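*Asks:* Have a look at the structure that comes next, please.
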Amino acid sequence: MRPEPGEVLHFSEDPAIREFVPHVAATASRPDPYVWAVDAVQAPAYWFPRQCPRAMAWVADGTTDADRRAVFGAAPEERVHVIEYSWAERFMNVRLYAYRLPADRFTPFGEPVPHAWVATDAVVPLGPAEPVGDLLTLHQQADIQLRFVNTLWTFWDAVTTSTLGFSGIRLRNATPR
């Protein structure tokens, strides 16, 4: 599930949102109210239950062969998503939806490389929510490794000190260190 040209996506477990109104997220580091969305590159980071903690890594410009081998081994994939076993059942059974939103209402957010798109005015979806479908199949079709681990922290500590690109979402919900 990725946006078409001229669109960005918002993922939700709520299939009945009629309008997205800017708000300050509970985890926001800035006080500005936004409507949040993602582009095609960032969409796979949201193929999860909303509150599911996940760590992600990918081969980036400057990734060393040693770091690539350490994380990916001999596998051909260049991206990996990692979640805890305690989230496996929820991951397999969640009903996740995507809302297509007009990209021209949004601006890129994040430095030095944008990781999201934000709007400061209310946004009406281009149509009804679309079921995302089987999250395991989405990962497989996108050639993204999906790993289940007891705790995210070993993986997180390894990738954050490597030359790989990385991101973590909802890490506050992970099993404590």
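The values are calculated or read from the model by the stated rules, or taken from the named source; none is laboratory data. Every value quoted in this text rests on a predicted model; they were computed, and no experiment measured them. Positions of Cβ are backbone-derived with ideal geometry, glycine not excepted, and every protein chain shown enters the neighbour counts. Ligands, DNA and RNA are stripped out before the accessible areas are found, and what is left, the full protein with its side chains, is counted by its heavy atoms. Shrake-Rupley method; radii C 1.70, N 1.55, O 1.52, S 1.80 Å.
*Asks:* Mind ranking 37-48, 68-79 by how tightly packed they are, going by the mean number of other C-beta atoms within 10 angstrom, highest first?
*Replies:* The most tightly packed comes first, giving 37-48, 68-79.
*Asks:* Also, quick follow-up: Calculate the all-directions average of the projected area of the range 107-177's alpha-carbon convex hull, and give it in nm².
*Replies:* Averaged projected hull area, Cα only: 7.7 nm².
*Asks:* Explain nothing, just the number: relative contact order of the range 1-88, from Cα pairs under 8 Å at least 6 residues apart, as a whole percent. Don't skip to the end; give the middle numbers.
*Replies:* Numbers: 69 pairs, mean separation 23.6, N = 88.
That works out to 27 percent.
*Asks:* Can I ask one more? For the pair Asp121 and Arg69, how long in nm is the line joining their label points, each one 7 Å along Cα→Cβ?
*Replies:* Computed distance between label sites Asp121 and Arg69 equals 5.5 nm.
*Asks:* Running a GNM on the chain with Cα contacts under 10 Å, which residue among His23, His139, His81 ends up with the highest mean-square fluctuation?
*Replies:* Between His23, His139, His81, it is His23 that shows the largest mean-square fluctuation.
*Asks:* Given the protein chains as shown and a 1.4 Å probe, how many square angstrom of Ser167 are accessible, to the nearest 10?
*Replies:* It works out to around 40 Å².
*Asks:* Once amide H atoms are placed 1.01 Å from N in the peptide plane, what residues at a sequence separation of 5 or more from Thr175, or on another chain, have their amide H within under 5 Å of its amide H?
*Replies:* Here Leu152 satisfy the definition.
*Asks:* Antiparallel as a % of all DSSP beta bridges within the chain, to the nearest 5?
*Replies:* Bridges in the chain are about 85 percent antiparallel.
*Asks:* Quick one: with all protein chains in place, what share of the accessible area of the chain is carbon or sulfur, to the nearest percent (1.4 Å probe)?
*Replies:* 53 percent
*Asks:* I would also like to ask the following. Ignoring ligands, DNA and RNA, what accessible area per residue does the range 1-115 give at 1.4 Å, in Å²?
*Replies:* That works out to 55 Å² per residue.
*Asks:* Would you work out the charge dipole size for the chain about its Cα centre, treating the Cβ of every Lys and Arg as +1 and the Cβ of every Asp and Glu as -1, and quote it to the nearest 20 debye?
*Replies:* Charge dipole, the chain, about its Cα centre: 500 debye, nearest 20.
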